[in-house]
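The values are calculated or read from the model by the stated rules, or taken from the named source; none is laboratory data. Because the structure is predicted, anything quoted here is derived from the model rather than measured. Here the Cβ positions follow ideal geometry from the backbone for every residue, glycine too, while neighbour counts run over all protein chains shown. Note: areas computed on protein heavy atoms with side chains; ligands, DNA, RNA excluded. Shrake-Rupley method; radii C 1.70, N 1.55, O 1.52, S 1.80 Å.
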Amino acid sequence: MSQARGQALLFDIDGTLADTDALHREAFNQVFGPRGHVFDHARFSKELQGFSNASIGERFLAEEAPERRAAILDEKEQIFRTLVAGQIKPVPGLMALLDKAEATGIPMVAVTNAPRLNAEMLLSGLGIMDRFKAIVIGDELPHGKPHPLPYLEGLRFAGAAAHASIAFEDSRSGIQSAAAAGIPTIGMRTSLSHDDLVAAGAVASAGAYDDEALMKLVAGVMKW
């Protein structure tokens, strides 16, 4: 069984399971725009994508009291949840990969810097909540991504070894987190280019989960 082999598949959620980054950018612009911060795709991918709300608040709302900072970011998340409602679709090929992992006993863990309410909404919207052994939330730990702790926690929940597992990520900070935990990481090209993803530490990239090279790589590591 996979537990004896110590294997797992670990997934970020936003931009990795579902392509939601454009909606996050819109929500940030609605809240941060009046405060003098407007994000195009390039700035979003460098300064916001994959980072925890705590770190975003420290950087862009430093003048606000901590409770006010949290309230502003809660407002952003409420806007995002309104925008994404009814628009949650899986990245192509995802369901077939999850089916294969489930059929072969490979545990799966979601590892995200998103608030738990967002994470559960997206997983429920995709209809895959029950497939994951755990949901690791960066803001609920002493360190979120890009620190390796979230992925180390994911491995712990799965009872898995880093070298025998695979992580899927779409952001620089997420790839840095998974790679620092020692997990071979595949970058999903929902927002960033192959070169950007590999520069962050990905061992390969793919535009979707039904990519032939991706499936061959996963099958090789998982011994399918």
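3J(HN,Hα) couplings calculated from phi for segment 25-38 with the Karplus curve 6.51 cos²θ - 1.76 cosθ + 1.60 (θ = phi - 60°) are, in sequence order, 4, 4, 5, 4, 5, 5, 8, 8, x, x, 9, x, 10, 10 Hz; Gly and Pro show x. According to the square roots a ≥ b ≥ c of the eigenvalues of the Cα gyration tensor, what is the shape class of segment 70-224, taking rounded for a/c under 1.5, prolate for a/b larger than b/c otherwise, and oblate for the remainder? Since a/c stays below 1.5, the shape of segment 70-224 is classed as rounded.
Within the chain, DSSP assigns beta bridges of which about 5% are antiparallel (rounded to the nearest 5).
Taking every DSSP helix (H) stretch of at least 4 residues in the chain, weighting each as -39,500 (n - 2.57) and dividing the sum by the residue count yields a mean residue ellipticity at 222 nm of -14000 deg cm²/dmol. Compared with the direct C-alpha span, the chain from LEU141 to GLN30 gains 37.2 nm at full extension, assuming 0.36 nm per residue. Charge tally for GLU47 (other residues, Cβ to Cβ under 15 Å; Lys, Arg +1; Asp, Glu -1): +4. Straightening the chain between ALA96 and ALA62 buys 7.9 nm, computed as 0.36 nm per residue apart minus the Cα-Cα spacing. Other residues whose C-beta falls under 13 angstrom from the C-beta of TRP224 contribute a net charge of +2, scoring Lys and Arg +1 and Asp and Glu -1. Solvent-accessible surface of segment 114-224, taken per residue with a 1.4 Å probe and all protein chains present: 41 Å².
Computed about its Cα centre, the charge dipole of the chain is approximately 420 debye, with only Lys, Arg, Asp and Glu carrying charge at their Cβ.
Take the Cβ atoms of ASP40 and LYS216, set R0 to 45 Å, and the FRET efficiency comes out at 0.80.
Using the Cβ-Cβ distance between HIS163 and ARG81 with R0 set to 45 Å, the FRET efficiency from 1/(1 + (r/R0)^6) comes to roughly 0.75. When a 1.4 Å probe is rolled over the protein heavy atoms, the share of accessible surface on segment 55-200 that falls to carbon and sulfur comes to 52 percent.
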